[in-house]
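Participant: Sharing a structure with you now.
The values are calculated or read from the model by the stated rules, or taken from the named source; none is laboratory data. What you are looking at is a predicted structure, and each value in this text was computed from that prediction instead of being measured. Virtual Cβ from ideal backbone geometry, glycine too; neighbours counted across all protein chains shown. For accessibility, only protein heavy atoms count, side chains too; no ligands or nucleic acids. Shrake-Rupley method; radii C 1.70, N 1.55, O 1.52, S 1.80 Å.
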Amino acid sequence: MKTHTLETAGADLVYDVRGPLPTSDGRPPLLMIGQPMDASGFATLASRFPERTVVTYDPRGLGRSVRKDGRTDHAPRTQADDVHAVIEALGAGPVEMFASSGGAVTALAVVEKYPSDVTTLVAHEPPLITLTPDGPAVVRARAGVREAYEKRGWGAGMAAFVAMTSWAGEFTDAYFAQPAADPAAFGMPTEDDGSRDDPLLSDRSWAVSGYRPDADAITAAPTRVVIAVGEESEDLLTARTSAAAAELLGQKVVVFPSHHGGFCGGEFGQPGKPDEFALRLRQVLDGAA
């Protein structure tokens, strides 16, 4: 693996290349992106593609990529510009892309703005909350996570986030009538560490979850777009946002093994099924789905 730093006006973007460029098999590089997950979250999945040249990167302000624009928010179109810059720096033509969570939102913005950059996009569980039928209620639930974080710190905020993302079905009055999630019940710290800059729990990534893709631009692009969902997600929030995104694009979701982080090993405490996930991803990239 070789690590590179791409200096742009707004950020120094760090990306990793596993394998040769130009590629040895004649296929495009496989770019894996997330948000707020950085490149470290794709180490397990990348290792399942030893025959491919795999590229991972840290979004600006996350991991090793240092911002220079003075901002702290995370916006899909800004990140799309960064991904485009990385693709251009590779000098290997259009890429295939696997994008997870907020990275899947960024990837859709890439297809909108730079339609020639990606041949096939597998967008796994994009959290596009305003596309759901109960969008206003989901926005209210998201605000509740931020409120818990602002009032009581990281443990309380993360407990509220887990409670929100674990809720099955639409957000009804029953959800909002629940007592505040107890961080101790989730094995999280109850003391406030004083931080308020977490990209997942603050409002810094609200532009990501509140993004509304341009369906006309995406469907007009030459990119083959696949919206993917984990089989274990069932009717949880990210499964519902995935279904809504697929419907917006006039398609159905493609089911993958495991859950929202199903491509991960045990590095984040909730292991998925990376072998099965990689097999499914390979099938989809090869056009078998």
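Participant: Could you list, in sequence order, the residues of the range 240-278 that are open to solvent by 10 Å² or more (accessible area, probe 1.4 Å), out of contact with any helix residue (DSSP H, G or I) (no Cβ under 8 Å at 6 or more places or on another chain) and aliphatic (A, V, I, L, M)?
Facilitator: Of everything in the range 240-278, those that are open to solvent by 10 Å² or more (accessible area, probe 1.4 Å), out of contact with any helix residue (DSSP H, G or I) (no Cβ under 8 Å at 6 or more places or on another chain) and aliphatic (A, V, I, L, M) turn out to be 243, 255.
Participant: With in contact (Cβ under 8 Å) with a residue 12 or more places away in the chain and out of contact with any Lys or Arg (no Cβ under 9 Å at 6 or more places or on another chain) as the only criterion, which of 243, 239, 278 stands out?
Facilitator: On the way: 243 fails: out of contact with any Lys or Arg (no Cβ under 9 Å at 6 or more places or on another chain); 278 fails: out of contact with any Lys or Arg (no Cβ under 9 Å at 6 or more places or on another chain).
Only one candidate qualifies: 239.
Participant: Of all the strands (runs of 3 or more DSSP E) wholly in the range 1-94, which have at least 1 residues that are among the small types (Gly, Ala, Ser) and open to solvent by less than 10 Å² (accessible area, probe 1.4 Å)? Before the answer, list the steps.
Facilitator: Details: elements: 2-7, 11-18, 30-33, 54-57.
In the range 1-94, 11-18 are the strands (runs of 3 or more DSSP E) which contain 1 or more residues that are among the small types (Gly, Ala, Ser) and open to solvent by less than 10 Å² (accessible area, probe 1.4 Å).
Participant: Taking residue 234, is it among the acidic types (Asp, Glu), under 20 Å from residue 99 (Cα atoms), out of contact with any Gly (no Cβ under 8 Å at 6 or more places or on another chain) and open to solvent by 70 Å² or more (accessible area, probe 1.4 Å)?
Facilitator: Working: among the acidic types (Asp, Glu): yes; under 20 Å from residue 99 (Cα atoms): yes; out of contact with any Gly (no Cβ under 8 Å at 6 or more places or on another chain): yes; open to solvent by 70 Å² or more (accessible area, probe 1.4 Å): yes.
For residue 234, the condition - among the acidic types (Asp, Glu), under 20 Å from residue 99 (Cα atoms), out of contact with any Gly (no Cβ under 8 Å at 6 or more places or on another chain) and open to solvent by 70 Å² or more (accessible area, probe 1.4 Å) - is met.
Participant: Next question. Quick one: in the range 103-116, which of the residues that are over 15 Å from residue 245 (Cα atoms) and open to solvent by 20 Å² or more (accessible area, probe 1.4 Å) is farthest from the chain's Cα centre (by Cα)?
Facilitator: Among those that are over 15 Å from residue 245 (Cα atoms) and open to solvent by 20 Å² or more (accessible area, probe 1.4 Å), it is 116.
Participant: Out of the range 118-136, which residues are in contact (Cβ under 8 Å) with a residue 12 or more places away in the chain and open to solvent by 20 Å² or more (accessible area, probe 1.4 Å)?
Facilitator: Of all residues in the range 118-136, those in contact (Cβ under 8 Å) with a residue 12 or more places away in the chain come to 118-134.
Passing the criteria: 119, 127, 130, 131, 133.
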